[in-house]
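*Asks:* Got a structure for you, questions after.
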């Protein structure tokens, strides 16, 4: 089944990822199913953070992927395919100033337009399912400055309001294209990802524990490690360092 062929609209839910995972365990979900929420009361973000979004104004959804026979070593490349699908979608409307901030946030200029949280269901050494939670700012124009750091939405960029379900179907088409790329040509995914990487080739400020430093961002490797250069090349996994 193609991604988004079956979209379940939830008026309110704690988290679309939690709901989707429960549906998988209950054998009620299949590959390509999308769970779209008008309201999330406990949306999940990276590293245990909450994802907050205005009711009925943005895309808040989770997509179910059957990962049978896929290698666990390709988890980052799968993640990059989701990020690139969201990038393609947002760029279609917002233009060339869209980028992907490592590991998988969507940015317009230096402002955050969306985020992705992927949760994998693994049995033993077998990768069974992946749940891709996606939050993209579409129609929201007011954000809580205490919660949201430099956010932006398509309505703010374009000055018009969008049909959320229509946009969700279109996003699924972009995701389907990148899903096919993940299955057929993974090497090209990494190249595409690095081409649209936020601040690539620039000096950035980072922090690791008590060490604050500047480095040139050279890219990301196939395992999802950030590759930087100070006086030598260094590589960091997500969660090991923070942007400043």
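The values are calculated or read from the model by the stated rules, or taken from the named source; none is laboratory data. In this text, all values refer to a predicted model and were calculated from it rather than measured experimentally. Neighbour counts run over all protein chains shown; Cβ positions are idealised from the backbone, glycine included.
*Asks:* So, in the range 40-51, of the ones that are closer than 19 Å to residue 142 by Cα and surrounded by 15 or more Cβ atoms within 10 Å (Cβ to Cβ), which residue ends up modelled with the highest pLDDT?
*Replies:* Once the filter is applied, the top-ranked residue is 40.
*Asks:* May I pose another question? Could you grab me the full set of residues in the range 206-231 that are assigned to a strand (DSSP E or B) and within 18 Å of residue 103 (Cβ to Cβ)? I'd like the intermediate steps shown before the answer.
*Replies:* Within the range 206-231, the first condition is being assigned to a strand (DSSP E or B), and the residues that meet it are 206-208, 211-220, 226-229.
The answer is 206, 207, 208, 215, 217, 218, 219, 220, 226, 227, 228.
*Asks:* Can you find, within the range 205-219, the residue that is nearest to residue 192 (Cα to Cα) among those that are buried (at least 17 other Cβ atoms within 10 Å of the Cβ) and out of contact with any helix residue (DSSP H, G or I) (no Cβ under 6 Å at 6 or more places or on another chain)?
*Replies:* 218
One line per residue, one yes/no per condition, for (1) farther than 25 Å from residue 226 by Cα; (2) surrounded by fewer than 22 Cβ atoms within 10 Å (Cβ to Cβ); (3) in contact (Cβ under 8 Å) with a residue 60 or more places away in the chain; (4) not assigned by TED's automatic domain parsing to the domain that holds residue 62:
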{"site": "89", "(1), (2), (3), (4)": "no, no, yes, no"}
{"site": "92", "(1), (2), (3), (4)": "yes, yes, yes, no"}
{"site": "103", "(1), (2), (3), (4)": "no, yes, yes, no"}
{"site": "124", "(1), (2), (3), (4)": "yes, yes, no, no"}
{"site": "129", "(1), (2), (3), (4)": "yes, yes, yes, no"}
{"site": "149", "(1), (2), (3), (4)": "no, yes, no, no"}
{"site": "153", "(1), (2), (3), (4)": "yes, no, yes, no"}
{"site": "157", "(1), (2), (3), (4)": "yes, yes, yes, no"}
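*Asks:* Sort out which residues of the range 183-205 are under 17 Å from the mean Cα position of the chain (by Cα) and not in a strand (DSSP E or B), and write them in order of number.
*Replies:* Correct list: 189, 190, 192, 193, 194, 195, 196, 198.
*Asks:* If you don't mind, there's one more thing I want to ask. Residue 113 versus (1) part of a helix (DSSP H, G or I); (2) surrounded by 14 or more Cβ atoms within 10 Å (Cβ to Cβ): which is the lone unmet condition?
*Replies:* For residue 113, the exception is condition (1).
*Asks:* If we keep just the residues of the range 120-140 that are in contact with a helix residue (DSSP H, G or I) (Cβ under 6 Å, 6 or more places away or on another chain) and assigned to a loop (DSSP other than H, G, I, E, B), which is nearest to residue 28 (Cα to Cα)?
*Replies:* The qualifying residue nearest to residue 28 (Cα to Cα) is 138.
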